[in-house]
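K.L.:
The structure that follows is given in the form of structure tokens.
What follows draws every value from the coordinates through simple rules; no lab data is involved. Predicted, not measured: the structure shown is a model, and the values here were computed from it. Here the Cβ positions follow ideal geometry from the backbone for every residue, glycine too, while neighbour counts run over all protein chains shown.
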Amino acid sequence: MRHFGLVHTSFWSSPTIRGLSEDGRSLALYLLTCPHNTIAGTFRLPDGYASEDLQWTIERVSKVFAELSANCFATRCDATKWVVIHKHLKFNALENPNQRKSFAKVVATVPDQCCWKPDFMRVSGLSSGIESPPDLVDKSNPLQTVSKPFLNQETETETEQEQEQDSGAEL
């Protein structure tokens, strides 16, 4: 689950979005911002979740998902209820090794029964730089954290004060 995500302003002028109905645009925006979305743009979304969140009937949710699929925005597997947002990585590029590790962990949870999984694995592997199947364990870093700590503000302040004292002593 993500706590925030980007929706580019080009969302509204995109030919794909402009070609959707009002319900299609609403569901597309919901998929990009809903609490079920992940760093990979893949997540399980049963009918009841979307129906409750959007206050739509289940029939309406299913109809609009068909529209999004026909317009290549997102695909939902009817058997598993997992969703993939196409081109998610284009607008939400993985920026560091920790994000790639998180992405790989999410990808590993996608059920093999998903109708879109083989294509997703091929495309996401190429655009994310992650080999399929992803290697989730880094033996040299068992805690899966950044290898070098960031300087904290105290350390930087102390260093600046020491430099000021040294330059004052030279005068």
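K.L.:
Using a cut-off of 11 Å between beta-carbons, work out the net charge of the residues near L27 (Lys and Arg +1, Asp and Glu -1, L27 not included).
P.N.:
Values: positive: R25, R60, K63, R76; negative: E22, D23, D53, E67.
Net of charged neighbours comes to 0.
K.L.:
Taking each pair of distinct Cα atoms in the stretch 1-87 once, what is the resulting Kirkwood hydrodynamic radius in Å?
P.N.:
Values: mean 1/r = 0.0773 Å⁻¹.
When all Cα pairs of the stretch 1-87 are included, the Kirkwood radius is 12.9 Å.
K.L.:
Going highest first, how would you order 88-95, 75-82 by mean Cβ packing within 10 Å? Working shown, then result.
P.N.:
Values: 88-95: 15.5, 75-82: 17.1.
Result, highest mean Cβ count within 10 Å first: 75-82, 88-95.
K.L.:
Starting from the Cα of C115, step 7 Å along the direction of its Cβ; do the same at N98; then give the gap between the two resulting points in nm.
P.N.:
For C115 paired with N98, the spin-label model returns 3.8 nm.
K.L.:
In whole Hz, with x marking every Gly and Pro, tabulate ³J(HN,Hα) for the stretch 112-117 from phi via Karplus 6.51 cos²θ - 1.76 cosθ + 1.60, θ = phi - 60°.
P.N.:
Working through the residues one at a time gives 5, 6, 4, 5, 9, 4 Hz.
K.L.:
Dipole size in debye (nearest 20) for the stretch 7-94 around its Cα centre, Lys and Arg Cβ +1, Asp and Glu Cβ -1?
P.N.:
Working: 9 positive and 8 negative charges, 69 e Å.
The calculated dipole for the stretch 7-94 is roughly 320 debye.
K.L.:
Can you list the HN-Hα couplings for the stretch 91-104, worked out from phi with the Karplus curve (6.51, -1.76, 1.60; θ = phi - 60°), rounded to whole Hz and with x for Gly and Pro?
P.N.:
So the J values, rounded to whole Hz, are 9, 10, 4, 6, 9, 7, x, 5, 5, 5, 5, 4, 4, 4.
K.L.:
Now a separate question. Amide H of N92 versus every other amide H placed in the peptide plane: which residues, excluding those fewer than 5 positions away on the same chain, fall under 5 Å?
P.N.:
none
K.L.:
Going by a ≥ b ≥ c, the root eigenvalues of the Cα gyration tensor, does the stretch 61-127 fall in the rounded group (a/c under 1.5), the prolate group (a/b larger than b/c) or the oblate group?
P.N.:
Note, shape of the stretch 61-127 comes out prolate.
K.L.:
Multiplying the sequence separation of S14 and H36 by 0.36 nm and subtracting their Cα-Cα distance, what value in nm do you get? Present the calculation step by step, with values, prior to reporting the outcome.
P.N.:
Details: separation 22, 0.36 × 22 = 7.92 nm, distance 2.37 nm.
Extending this stretch completely gives an extra 5.6 nm.
K.L.:
Amide H neighbours of A74 under 5 Å, counting only residues 5+ apart in sequence or on other chains, H built in-plane at 1.01 Å?
P.N.:
Correct list: S69, H86.
K.L.:
Name the residues whose placed amide hydrogens come within less than 5 Å of the amide hydrogen of G19, ignoring near sequence neighbours (fewer than 5 apart) on the same chain.
P.N.:
Amide H neighbours of G19, under 5 Å, 5+ apart: none.
K.L.:
Can I ask one more? May I ask for the net charge around L45, where only other residues with Cβ less than 13 Å from the Cβ of L45 are counted and Lys, Arg are +1 while Asp, Glu are -1?
P.N.:
Numbers: positive: R44, R76, K81; negative: D47, E52, D53, D78.
That sum, taken over residues with Cβ under 13 Å, equals -1.
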